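The values are calculated or read from the model by the stated rules, or taken from the named source; none is laboratory data. Keep in mind the model is a prediction, meaning the values are calculated, not measured. Ideal geometry is used to build each Cβ from the backbone, glycine not excepted, and the neighbour counts take in all protein chains shown. For accessibility, only protein heavy atoms count, side chains too; no ligands or nucleic acids. Shrake-Rupley method; radii C 1.70, N 1.55, O 1.52, S 1.80 Å.
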Amino acid sequence: MKYTLMTWAMIAGFCLLPVRIAIAQQPDLQERFNQAVELATGGDYNSAVRVCREVLDKLPDSERPRVHKLLGYSYMKLDMLPESWHHLTIYLESSGTEDTTAGGWLQEVETALKQSHVKVSFSCHPADTSIRLPSSTPSRLQASRPCPTTWWLKPGKHTVTATAPGHKPRTVEVDVRERGDSGMREIRLAAVETTIPPDG
C-alpha cells in the first residue's frame with residue numbers, strides 16, 4: 001500500500017507520542033488504538049472514529065491527547081468540522097507539546113468553519129450539567145458534553161438538551177443568527193422537588 005508524505009507524517013505523529021496506556025490494566029487498549037491509526041491511514045475514517053470513541057473514556061487523562069488528535073484528524077477528513085475543531089482543540093491544550101502539524105489542521109478547520117458557522121458558548125447551572133448538541137451529520141447521535149462548552153453551529157434554530165443529577169431535564173431551542181450573535185447562551189435547570197414523608 002502506498003502512502004503519501006502527509007500520511008506518513010500523520011502516522012509518525014501518532015506513533016511518536018507516549019505509548020504507556022496502563023498495559024497491566026487494559027492490555028488491549030494500545031492494540032485497539034493502533035488499529036484506529038491503521039484504519040485512518042487506510043482511509044476508513046468512520047471506523048477509526050468508532051474505535052477511538054470506544055477506547056477514549058477507558059484511558060487515564062494523561063493518555064487521551066493522541067486519541068483526540070486522531071479523532072480531530074479523522075473528523076476533518078469526514079468533513080465534520082465542529083467535531084474536528086473540538087478534538088483538535090482538546091489535543092493541543094492537553095498534550096503539553098508543540099505540534100505545528102495539528103496546529104495547522106486546527107487553523108484550517110477554524111477558517112472553514114468561520115465561512116458557514118457561528119461559535120457559540122454555553123454556560124449551565126448547576127455546575128455538573130451535561131448538554132447534548134446537534135451533530136454536523138444528522139444521522140449521527142451527538143454525545144453529551146460537560147457544560148460549560150463551546151461549539152460551532154450553523155445559523156438557524158437548533159435543539160439542545162441539558163441534564164443534571166437531581167434536576168429536571170430541559171430541551172431548549174437555540175436560535176443562531178448569522179451576524180451580530182453574541183455567541184453566548186445560558187441554560188438553567190430546575191431542581192427536582194422532593195416530598196419528605198411525615199414522621200410516624
- Query: Looking at region 93-109, which of the residues that are polar (S, T, N, Q), farther than 15 Å from Ser74 by Cα and open to solvent by less than 80 Å² (accessible area, probe 1.4 Å) is modelled with the highest pLDDT?
  - Reply: Ser94
- Item | Output for region 110-140, where each listed residue is hydrophobic (A, V, I, L, M, F, W, C) and surrounded by 13 or more Cβ atoms within 10 Å (Cβ to Cβ) | Ala112, Leu113, Val118, Val120, Phe122, Cys124, Ile131, Leu133
- Item | Matching entry among Thr100, Thr129, Thr111, Thr137 (being of a type outside the set (Lys, Arg) and in contact with a strand residue (DSSP E or B) (Cβ under 9 Å, 6 or more places away or on another chain)) | Thr129
- If you go through region 141-167, how many residues are surrounded by fewer than 14 Cβ atoms within 10 Å (Cβ to Cβ) and either touching a helix residue (DSSP H, G or I) at 6+ places or on another chain (Cβ under 6 Å) or charged (D, E, K, R) (or both)? 1
- Item | Selection count where residues are surrounded by 15 or more Cβ atoms within 10 Å (Cβ to Cβ) and not in a helix (DSSP H, G or I), scope region 38-71 | 4
